[in-house]
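Here the structure is laid out as structure tokens; the discussion comes afterwards.
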Amino acid sequence: MAAELIESIVKILFIFGVNVGFFSPILGWVERKQSAIMQDRVGANRADVFGFRLIGLFHPIADAIKVLTKEDFVPDGADKLFHTLAPFISLTPAIITFAVIPFGGHYEIFGHSVNLVIADLDVGMLFIFAFGSLATFGAVLAGWASNNNWSFLGGLRAAAQMLSYEVAMGLTIIGVIMVFGTLKLTEIGAMQENFFRWGIFLQPIGFILFFTCAIAENKRAPFDMAEAESELIAGYFTEYSGLKFVMFWMGEFLEIVTIAGVLTTLFFGAWHLPFVTDQMLLSFFSFAGPNGSNILAMLVNVGTFYAKLIFFIWLQMTIRWTLPRFRYDQVMRLGWKMILPISLINIFITGIIVLLVK
Amino acid sequence: MEANVTLKKICDRFPDSVVETHSYRGDDTAVVKKDDILKICQFLRDDKELLYNFMMDLTAVDYLGTEPRFEIVYHLYSLQYNRRVRIKAKVSESDCSIDSIVSLWIAADWFEREAYDLYGIIFKGHPELKRILLYDGFEGHPLRKDYPIKKRQPLIGPTN
Amino acid sequence: MADLAKDLHTEHMVMNMGPSHPVTHGTVKFMVTLDGETIVDLKTNIGYLHRGFEKMCENGTWEQVMPYTDRLNYVSPLINNVGYALAVEKLIDIDVPDRCKYIRVIASELARISDHYTNIAAGGLELGAFTAFLYFVEARELVWDLIEMLTGGRVTSNYVRIGGLKNDIPDGFKEKTQDVFRRCRELWTDIHKLLTKNRIFIDRVRGVGTMPPDEAIAYGFTGPCLRASGVLYDVRKAHPYLVYDLMDFDIPIGENGDNFDRYLVRMEEINQSMRIVEQALEKMPKGPINVDMPQYRWQAKNDVYNKIESLIFHFKTVTEGIKPPPGEIYLAVEGGNGELGFYLVSDGSGKPYKCRVRPPCFPLTAAMPRMVKGGFLADIIPTFDMINMIGGECDR
């Protein structure tokens, strides 16, 4: 009982610390540096501590200090409650959805079965969708409550885009769920032990569709028309400053991490190394004894999971800095007229194949 | 002479309207009476041998001290025949208005607004003759020669 | 469905894309009346950058106007310089030496290249292709290095003089041009791959902001926007000035008159301008660069300090200004945006009586409502970008 409690607390602290404490500021740095490398320039490298520049890694700390000391205002005539509430609504789902994503498998450590996921829900995938939908409220409320025509337009666009792509996203996942036969993310992860059982081989179209829908949900380029810099100044968060502004941005970055996590779990073998089964890993580390081998295997798997996560984060960043922005009607057309029919066809084909194989 | 085809045709067609013509440095110029400007411009645009379909520039010059004081200058260009012509019409200060040629070339819309803004010339028949380069509370017409260059304007803007 | 729409009470929303807005570069104010995201009406307000160019010209001498012309179209200032100098020379009726003509052609084309780079880069930036912007900004930096080597200044160069130039081409200019153009061509290919075949970019700009050719002519379009509509009119071919009639270059024409054609026309014009610069550097004759008329163009400093006639003329032209004979002329050059016309009136004194600039982007901006009405709010961005309205030129 106490051991389970300690285990849960350790896992929560680990995920919270890694996500919010590490990935969030680091992604800001990655965005600057990766875009700089792609664009043939240096990027931000001025923040230093006692003369150590450290290739700009102190910039997130500088940003944090700046943000905390900025004036926090609510514009005239804006709805105070919703204006303050919106960033929280936008940020919370991004943090919570990571609770169901497994970052490792089952291990026997000191006689105790450790399951590296915070909440092993039976409806894991649905949980992610449910909370992801809540993030829509954040954008819409921010746009409405700002008492600004430009924010309003941004919120409008955000609402339309997010709702449309949620529908499409749900349908694209049905193919994966049909193939694996379960909504539980840990089981889907465990079933991908064999390299050729990875989701990317079983559902290639599903991967591309889900990736597109997920980027659209996240409102990153090329789907960032809700916050399109050149048209709407800053879209639905024009009237925000200081901590609330950063909460929107943190929500976006954390959602990048969550999307990368979901993609890894569903399509890229979760925590498994290619061509290495769990038994092979345990026997490889058998020199350390039963506990040691489990611990080492756990570390290797967690490392693999995070390596894949980082790959998908890098991929999303690259796409953001390469492609121009869609127009509002084109985004809608893409979501309803192209992705939805293709995902339905995907379900149909997957259903036939599953029936034939069974 | 080929270069003066335009001037010859204008003089033949509107002998009473043309005050003078010249071709200083190769630019064909015709000074016409301001009342006939619309007819002459229409002729220049529509005649098969002239076809001045570009209204390149419309401006005014202030000859302070002479009467009539202002001179509206139109520069036209024919894409087909690759010819340019300049039409000038003198406007006096007391009757500072002339017909607008917006109905012939839409390009004249903003050029006439600019001439009104900077010189104070009224273009009769213009759909929306208001200031374009200067703000609404501006007093005076700055490009007139009697507008002192260092004149101050009243301050505008929201009062705190 | 239509009944439902009738019962719903809707209002048109009036939005102000005010003078400080990321996309209205050049400070323009658009009052947009929106029905959802569809534009019902668009009113343009310009004049936020009006600095009184004409009035200032009337209060200085003919030579003192030259730095003001730099600041008209400030992304291609050398073309304005060349245009003004040619206009005054037409008024005086003097002809500059051949070497000066070739160098002026090189200067104009370098300025045109930098103008098109800036415009396409800004177009990419506004549409979200940030990387395309930075690639072309790098190319523009290299071209500005060339201009700095030639004139001493990167942006406002104040290089051309009435009757000649400030200085001759420095040594090593030809080799540096070859290096720069090699890198610029690589970057051009990069942008071509990033944007021209990019489905998202094409969706944003194709079919948007269309202007049929006869309406374009009626609105007074000139330059790349007119050529994108399919009308072949380029001042360099129609009324060749300087030595453009000896140069071998093509004029790209578009088909539809939409933003995509304007983009393609400008991309191709960059290539043609590079051709012209290379040809001019090949064919450049030797000789003086200033016309030998001390009453219009100062003599070399050596002469001014040692010969009494040069000193007297220098003194007179600096204090009273050069004195073109009375008269009026109109001269057009091909600016980055179209026909840049100078209408000069001289009364025989040292100060211009009237110095009028026919701005090429003035009628283009006037046609904005015609091009975006009925489209989406997001269509204003590529349309306004591809017009390349430069505030300094439109408002003067």
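Some notes on this structure:
- Taking (1) out of contact with any Leu (no Cβ under 9 Å at 6 or more places or on another chain); (2) surrounded by fewer than 22 Cβ atoms within 10 Å (Cβ to Cβ); (3) more than 14 Å from chain B (Cβ to nearest Cβ) in turn, C:PRO252 satisfies each apart from (1).
- Options C:ARG99, C:ARG104: the member that is over 18 Å from C:ILE390 (Cα atoms), surrounded by 18 or more Cβ atoms within 10 Å (Cβ to Cβ) and either over 20 Å from the mean Cα position of the chain (by Cα) or polar (S, T, N, Q) (or both): C:ARG99
- The residue list C:ALA139, C:ALA132 contains one member that is buried (at least 23 other Cβ atoms within 10 Å of the Cβ), touching a helix residue (DSSP H, G or I) at 6+ places or on another chain (Cβ under 7 Å), at pLDDT 90 or above and under 26 Å from C:GLY26 (Cα atoms), which is C:ALA139.
- For the stretch B:5-29, a residue qualifies if it is surrounded by 14 or more Cβ atoms within 10 Å (Cβ to Cβ) and away from chain C (no Cβ under 13 Å), and the qualifying residues are B:VAL5, B:THR6, B:LEU7, B:LYS9, B:ILE10, B:CYS11, B:ARG13, B:PHE14, B:SER17, B:VAL18, B:THR21.
- Wholly enclosed helices (runs of 4 or more DSSP H) of the stretch C:146-243 bearing at least 2 residues more than 23 Å from the chain's Cα centre (by Cα): C:173-191, C:199-205
- If you filter the stretch B:91-112 down to residues that are more than 11 Å from the chain's Cα centre (by Cα) and closer than 23 Å to C:GLY52 by Cα, you find that the one that is surrounded by the fewest Cβ atoms within 10 Å (Cβ to Cβ) is B:GLU93.
- Residue list for the stretch A:320-357, restricted to those being under 30 Å from A:ILE37 (Cβ atoms) and in contact with a helix residue (DSSP H, G or I) (Cβ under 7 Å, 6 or more places away or on another chain): A:TRP321, A:THR322, A:LEU323, A:PRO324, A:ARG325, A:PHE326, A:ARG327, A:GLN330, A:VAL331
- Scanning the stretch C:277-286 for residues that are farther than 13 Å from C:GLN178 by Cα and part of a helix (DSSP H, G or I) yields a single hit, C:LYS283.
- Criterion (assigned to a helix (DSSP H, G or I) and more than 22 Å from A:PHE245 (Cβ to Cβ)) met by exactly one of A:PHE152, A:PHE137, A:PHE207: A:PHE207
- Within the set C:GLY321, C:GLY375, C:GLY350, C:GLY336, the sole residue that is surrounded by fewer than 24 Cβ atoms within 10 Å (Cβ to Cβ), touching an Asp or Glu at 6+ places or on another chain (Cβ under 6 Å) and more than 9 Å from every other protein chain (Cβ to nearest Cβ) turns out to be C:GLY350.
- In the stretch A:101-113, the residues that are at pLDDT below 80 reach residues that are part of a loop (DSSP other than H, G, I, E, B) and not polar (S, T, N, Q) with C-beta atoms within less than 7 angstrom, at least six apart or across chains, in these pairs: A:GLY104/A:LEU116; A:GLY104/A:TRP271; A:GLY105/A:LEU116; A:GLY105/A:TRP271.
- Residue within the stretch C:258-266 that is under 22 Å from C:ASN81 (Cα atoms), at pLDDT 90 or above and not in a loop (DSSP other than H, G, I, E, B) present: yes
- Residue count, the stretch C:20-37 (criterion: surrounded by 20 or more Cβ atoms within 10 Å (Cβ to Cβ) and facing chain A (nearest Cβ under 9 Å)): 1
- As a summary of the residue check, A:ILE128 satisfies the conditions (1) without any contact (Cβ under 8 Å) to a residue 24 or more places away in the chain; (2) crowded, with 23+ Cβ neighbours inside 10 Å except for the one numbered (1).
- Selection of the stretch C:188-233 for residues being crowded, with 24+ Cβ neighbours inside 10 Å and of a type in the set (D, E, K, R) yields C:ARG204, C:ARG227.
- Scanning the stretch A:26-48 for residues that are of a type outside the set (S, T, N, Q), more than 14 Å from every other protein chain (Cβ to nearest Cβ) and assigned to a loop (DSSP other than H, G, I, E, B) yields a total of 4.
- In the stretch A:62-91, the qualifying residues are those that are aromatic (Phe, Trp, Tyr) and part of a helix (DSSP H, G or I), and the one that is surrounded by the most Cβ atoms within 10 Å (Cβ to Cβ) is A:PHE82.
- Test for C:GLY47: is it part of a loop (DSSP other than H, G, I, E, B) and farther than 26 Å from C:LYS166 by Cβ: yes
- Of the residues making up the stretch B:30-70, those that are surrounded by 15 or more Cβ atoms within 10 Å (Cβ to Cβ) and of a type in the set (Lys, Arg) are B:LYS34, B:ARG45, B:ARG69.
- Residue within the stretch A:14-25 that is in a loop (DSSP other than H, G, I, E, B) and touching a helix residue (DSSP H, G or I) at 6+ places or on another chain (Cβ under 8 Å) present: no
- Here C:ASN290 passes the criteria (1) surrounded by 15 or more Cβ atoms within 10 Å (Cβ to Cβ); (2) touching a helix residue (DSSP H, G or I) at 6+ places or on another chain (Cβ under 6 Å) except the one numbered (2).
- Test result for C:ALA216, within 12 Å of another protein chain (Cβ to nearest Cβ) and closer than 15 Å to C:PRO363 by Cβ: yes
- Filtered by the rule that a residue be within 23 Å of C:PHE53 (Cα to Cα) and either surrounded by fewer than 18 Cβ atoms within 10 Å (Cβ to Cβ) or without any contact (Cβ under 8 Å) to a residue 60 or more places away in the chain (or both), the stretch B:117-130 gives B:ASP117, B:LEU118, B:TYR119, B:GLY120, B:ILE122, B:LEU129, B:LYS130.
- Within the stretch A:322-336, the set of residues being more than 17 Å from C:GLY123 (Cβ to Cβ), modelled with pLDDT of 80 or more and at the interface with chain C (Cβ under 7 Å from one of its Cβ atoms) comprises A:ASP329, A:GLN330.
Yes/no matrix, rows are residues, columns are (1) within 14 Å of another protein chain (Cβ to nearest Cβ); (2) crowded, with 19+ Cβ neighbours inside 10 Å; (3) polar (S, T, N, Q):
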{"site": "C:MET66", "(1), (2), (3)": "no, yes, no"}
{"site": "C:THR69", "(1), (2), (3)": "no, yes, yes"}
{"site": "C:PRO77", "(1), (2), (3)": "no, yes, no"}
{"site": "C:ASN81", "(1), (2), (3)": "no, yes, yes"}
{"site": "C:ASP95", "(1), (2), (3)": "yes, no, no"}
{"site": "C:TYR117", "(1), (2), (3)": "no, yes, no"}
{"site": "C:ALA121", "(1), (2), (3)": "yes, yes, no"}
{"site": "C:LEU125", "(1), (2), (3)": "yes, yes, no"}
{"site": "C:VAL143", "(1), (2), (3)": "no, yes, no"}
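- Whenever a residue of the stretch B:131-160 is within 11 Å of chain C (Cβ to nearest Cβ), its partners that are loosely packed, with under 15 Cβ neighbours inside 10 Å and at pLDDT 80 or above, lying with C-beta atoms within less than 6 angstrom and at least six residues away or across chains, give the pairs B:LYS145/B:LEU64; B:TYR147/B:GLY140; B:ILE149/C:ASN59.
- Restricting A:SER35, A:SER8 to residues that are over 28 Å from C:LEU134 (Cα atoms) and surrounded by 12 or more Cβ atoms within 10 Å (Cβ to Cβ) narrows the list to A:SER8.
- The lone criterion from (1) at pLDDT 90 or above; (2) closer than 30 Å to A:GLN330 by Cα; (3) not aliphatic (A, V, I, L, M) left unmet by C:CYS355 is number (2).
The values are calculated or read from the model by the stated rules, or taken from the named source; none is laboratory data. Owing to the predicted nature of the structure, the values given are computational and were not obtained by experimental measurement. All Cβ positions, even for glycine, are placed from backbone atoms using ideal geometry, and neighbour counts span all protein chains on display.
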